[in-house]
Structure formats: C-alpha cells, structure tokens
1. Residues Arg111, Arg93: which one is charged (D, E, K, R) and in contact (Cβ under 8 Å) with a residue 24 or more places away in the chain?
2. Which members of the stretch 136-159 meet the condition of being under 13 Å from Phe222 (Cβ atoms), under 34 Å from the mean Cα position of the chain (by Cα) and of a type in the set (S, T, N, Q)?
3. When only residues in the stretch 172-194 that are outside any helix (DSSP H, G or I) and hydrophobic (A, V, I, L, M, F, W, C) count, which is modelled with the highest pLDDT?
4. Given the options Ala123, Ala128, Ala115, name the one that is in a helix (DSSP H, G or I) and buried (at least 22 other Cβ atoms within 10 Å of the Cβ).
5. Quick one: Val148 ticks every box in (1) surrounded by fewer than 19 Cβ atoms within 10 Å (Cβ to Cβ); (2) in contact with a Ser or Thr (Cβ under 7 Å, 6 or more places away or on another chain); (3) touching a residue at least 12 places away in the same chain (Cβ under 8 Å); (4) assigned to a helix (DSSP H, G or I) bar one, so which box is it?
6. Does any residue of the stretch 154-162 turn out to be in contact with a Phe, Trp or Tyr (Cβ under 7 Å, 6 or more places away or on another chain) and outside any helix (DSSP H, G or I)?
Amino acid sequence: MRGRRDRLAFVTALAVLTALATLATRACATSRASAASNTPATSDGGSPADVSSPVATLRLAPKSAFPHAAENAGAPRLLDTEETASGDISAARAIGLSLLVPGLGDVYAGRPDRARVFFAAEAAIWTAFAVFRIQGHGREESYQDFAVQLAGITGTDHSDDFYSEIGQYDSSNDYEAVMKKNARFELEQVLGYEALERYYLEHRVADFEEWTWASSENRIDFRALRSDSKVAYRRSGYMIALAAANRVVAALFAYQAVKSANVETGRLRLDFAPPRACMGATYAAAISLVRSF
C-alpha cells in the first residue's frame, strides 16, 4: 500500500513539474510572438531583417537659405538635430525572470535554444527533489514500524533523538547503565543511588520509552533503515542548493545575452543620401545617424 502511494506521489510531482515547464515555455513564446507582431514590416510585406531608427538626424539647409551662398558654394549648413530614445532589452527583467524560472530570462533575451537547457535542468532538479523526499519519507515510516514490531515500543511518533538512542543500545536498561556511568565520569565523584537516578531522569531523552530489541542484528538493521532515510532527505536538500545554483547561472547567462543583444541592437551608423528636393528647395546632401535594432 505504501509503495503504491509513493509511486502515485512521484507521478503527480512529475506531472506538475512538466505542466509548469510547458506553461512557462508557452508564455514566453506568446510574449515573443506578440513582440514580433508589433514590429513594422518591410515594403515587400516580409519581416525586416534590420529595423533602423534615426537617433540623430543632421538637417542640411538649402544653399538659398544663406546670404553668402556664393562664398560657401557646396558647403552645407547644419540647422538642428533630433534624438529618439533607444529600445534596449532590460537586463534587470531578464535576471528577475531567470531567478523566478531558470531559462525565462534567455527566452526574453532571444536565446530560446539555451533556455531549453535550463528548463530541462530545472525539471530534472525538482523531479529528483520529489523522488528523494518520497524515498526519505517511505524509509522513515519503515524504520519506525520496524522499531514497533521488534523493539517493543508503542508508537511511531517519537522524536529523532529517541530513535537515535534505540539504534545504539539493545535495550533501555543498557541505555540507563551507560547514562549513569557517564554521570559518575562527568561529575567526578561517587554518587549515591538517588543522585544517579535524578541525573538519569534529567538527562535522558524527553519522550523516553522502554525498549528491548529481539536481537542485536535487528538493531543494526534498524540503524541501516534510518541511515537510508537520512541520506535521502539530505540529498533532497542538495537539490534545493542545486536549484539555487541553477538560478544564479541562468541569471548570469541571461545578463550576458541581454548585453550581447543590446550591443547588436545598439549599432550606430551614418547614412548618406544623394541630393534631393524638399518643399521646393534642393538639399546638397542628407546625413543621418541611425540606430539599428
């Protein structure tokens, strides 16, 4: 019955993790598709390979605008400049998304290929965490039931300290004898029966209950079961640390992706245009400082 319940819990945890990863991927894909749909198209209806926005435009005056045009023939004059804001990807948002779910920051920064690696790692980590927790709980119930059956204790709700003690001594009488011997050594004096009894009652485990193992082999088997449970719980703790490390690494990679994307989208260039007519006047030239993204 317990094995069936453990398998059901494992399958449920795996299904939940898979669903969360799928939803996160779809949400990011939808966000990217929405951003792409708002990008202006080229003249032939296709998606632009390079969208340019003028950051600073140098407007050149026609020759007739200057009274001394003959003296400065062919020398264009600067009238004014125009500046527009850039559309950089937010590094803070990418890092925040990566800390929330590793890989989301890379999707946001335009690196879905690398995001899939972090998604897979995150799913594997939490699946392993669920498996180790289920193993630890199942083995914990096993050694508690084992103690009830073969050590003669009455319940499975004892403290971890109590289970540690019954794993070291074949009986509660052996435990008492060792405790009183330690009292004489610790206090460095010969104590009477009442003093030893008082020391023992004050220092034994709080939820003490008498026990006697059927054999020393049973006690050793109990310790092995308890050790297996502790190892499984400890490994689940390692998965928590690994999940935190996965977020830190994902955030660093997302930051690097954002910086690379902003360098690419932040290219500045000078565009030169031939002489053209505007509002009845002919310009000698047109120069634009353009930011591509």
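1. Arg111
2. Ser142
3. Leu191
4. Ala115
5. Condition (3) is where Val148 drops out.
6. No, the stretch 154-162 contains no residue that is in contact with a Phe, Trp or Tyr (Cβ under 7 Å, 6 or more places away or on another chain) and outside any helix (DSSP H, G or I).
The values are calculated or read from the model by the stated rules, or taken from the named source; none is laboratory data. These figures come from a predicted structure and were not determined experimentally. Cβ: placed from backbone, ideal geometry, glycine included. Neighbour counts: every protein chain shown.
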